[in-house]
Amino acid sequence: MMSVSLCGIRFCLGSLVVAASAVVAAQAAAGEPKLPADVPPAIRLFNCDFNWARWPPSESLPHGNVRPSQPEDWAEVDAQQYFDWHREFGNNVVYCQAYCSSGFALYPSKLGPVGKGKAVRLFPELYALARKAKLPVWSFNVPFHKPDEALWRDHPMLAESDGLFAESSDEVVGWLLRVRKPEQRVMTTIIGRGKGVTDPGSWRKWYDQGCDFFGYAWGTPPSFLPTAMYDEELKVVKAAFAEMQKLDAEQMRRAR
């Protein structure tokens with residue numbers, strides 16, 4: 001394991017992300033704009049997820065067909081359009097998979113399979129757009145699925161990460177809030193996991209406890225846009241992000 005930095009946010013990550021960081025490190029050394037000194041009071045991070053592809057519901061598949069993404073699925077995704085859509089949605093950081101869970105990179109690599117078409121350079125192009133806009137960039141999450149798992153006790157991933165992220169239940173978020181160090185941030189999933197695990201309507205409870213927010217939805221190739229089944233949840237999340245922005249501004253005004 002190694003500790004690497006993506007836009008000033010340090011994580012202990014595996015070798016695949018180390019490879020991805022090498023791509024952006026060259027750009028970071030090229031004199032691009034520096035990020036603002038202030039870290040957002042609450043990180044608002046929703047992403048159209050490239051790990052999976054989802055087709056609309058049908059009679060035989062009422063929840064739609066879902067499968068791991070393939071390298072050709074996102075070949076026509078335009079980095080600028082992806083960036084603009086997420087900024088308009090209310091993100092204050094930029095997120096993209098550097099390496100999809102189904103086994104291909106969204107950056108030039110000789111270590112294994114890469115995307116096709118525009119997807120070959122999708123991550124570094126998004127990185128460049130984010131740096132130009134002076135926005136932090138985030139990539140890969142840590143699998144804290146149960147509270148106080150033996151795997152993570154005294155583990156450097158838990159001890160050294162700047163951000164602790166739970167893509168799971170209230171119990172896990174509460175546990176991370178209890179064990180985090182004073183300087184560590186805790187991120188909860190606002191939309192993405194089903195079966196009642198995530199509830200976008202509960203955001204204020206976690207905001208008041210100092211949490212950051214992550215969310216994702218799956219699109220139908222070649223479009224990265226979320227399928228219609230997410231429409232109602234996305235309305236709630238977008239409104240929540242707008243309210244968080246107002247609360248953050250008030251919080252910063254009072255701190256001055």
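A few notes on this one:
- Counted residues, the stretch 147-158 - those being free of Cβ contacts under 8 Å to residues at least 12 places away in the same chain and either out of contact with any helix residue (DSSP H, G or I) (no Cβ under 8 Å at 6 or more places or on another chain) or surrounded by fewer than 17 Cβ atoms within 10 Å (Cβ to Cβ) (or both): 6
- Residue in the stretch 123-137 that is under 29 Å from Trp74 (Cα atoms), among the basic types (Lys, Arg) and either free of Cβ contacts under 8 Å to residues at least 60 places away in the same chain or surrounded by fewer than 18 Cβ atoms within 10 Å (Cβ to Cβ) (or both) present: yes
- When the criteria are applied in full, Pro143 meets the requirement of being assigned to a loop (DSSP other than H, G, I, E, B), closer than 16 Å to Asp49 by Cβ and either in contact with a Lys or Arg (Cβ under 7 Å, 6 or more places away or on another chain) or not small (Gly, Ala, Ser) (or both).
- Phe104 vs. criteria farther than 14 Å from Trp52 by Cβ and aromatic (Phe, Trp, Tyr): no
- Search result, residues across the stretch 207-242 that are surrounded by 14 or more Cβ atoms within 10 Å (Cβ to Cβ), in a helix (DSSP H, G or I) and either within 15 Å of the chain's Cα centre (by Cα) or free of Cβ contacts under 8 Å to residues at least 24 places away in the same chain (or both): Val237, Phe241
- Options Arg121, Arg178, Arg204; residue that is of a type in the set (D, E, K, R), modelled with pLDDT of 90 or more, in a helix (DSSP H, G or I) and within 25 Å of Cys96 (Cα to Cα): Arg121
- The set of residues in the stretch 159-175 that are assigned to a loop (DSSP other than H, G, I, E, B), farther than 23 Å from Trp52 by Cβ and acidic (Asp, Glu) contains only Asp162.
- Looking only at the stretch 181-201, and only at residues there that are among the basic types (Lys, Arg) and modelled with pLDDT of 90 or more, the one that is surrounded by the fewest Cβ atoms within 10 Å (Cβ to Cβ): Lys181
- Candidate set from the stretch 55-92 (those that are free of Cβ contacts under 8 Å to residues at least 24 places away in the same chain and among the hydroxyl-bearing types (Ser, Thr, Tyr)); member that is surrounded by the most Cβ atoms within 10 Å (Cβ to Cβ): Ser58
- Among (1) in contact with a helix residue (DSSP H, G or I) (Cβ under 9 Å, 6 or more places away or on another chain); (2) touching a residue at least 24 places away in the same chain (Cβ under 8 Å); (3) in a loop (DSSP other than H, G, I, E, B); (4) not aliphatic (A, V, I, L, M), the one test that Ser102 misses: (1)
- Scanning the stretch 171-186 for residues that are β-branched (Val, Ile, Thr) and in contact with a helix residue (DSSP H, G or I) (Cβ under 9 Å, 6 or more places away or on another chain) yields Val173, Val179, Val186.
Conditions tested, residue by residue: (1) of a type in the set (A, V, I, L, M); (2) in contact with a strand residue (DSSP E or B) (Cβ under 9 Å, 6 or more places away or on another chain); (3) more than 22 Å from Leu234 (Cβ to Cβ).
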| position | (1), (2), (3) |
| --- | --- |
| Glu88 | no, no, no |
| Tyr99 | no, yes, yes |
| Ala105 | yes, yes, yes |
| Lys110 | no, no, yes |
| Val120 | yes, yes, yes |
| Tyr127 | no, yes, yes |
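- Some residue of the stretch 77-100 being farther than 26 Å from Asp212 by Cβ, touching a Lys or Arg at 6+ places or on another chain (Cβ under 9 Å) and of a type outside the set (A, V, I, L, M): yes
The values are calculated or read from the model by the stated rules, or taken from the named source; none is laboratory data. Keep in mind that this is a model prediction, so the values were computed, not measured. Because the Cβ atoms are built from the backbone with ideal geometry, glycine has one as well, and the counts that use them run over all protein chains shown.
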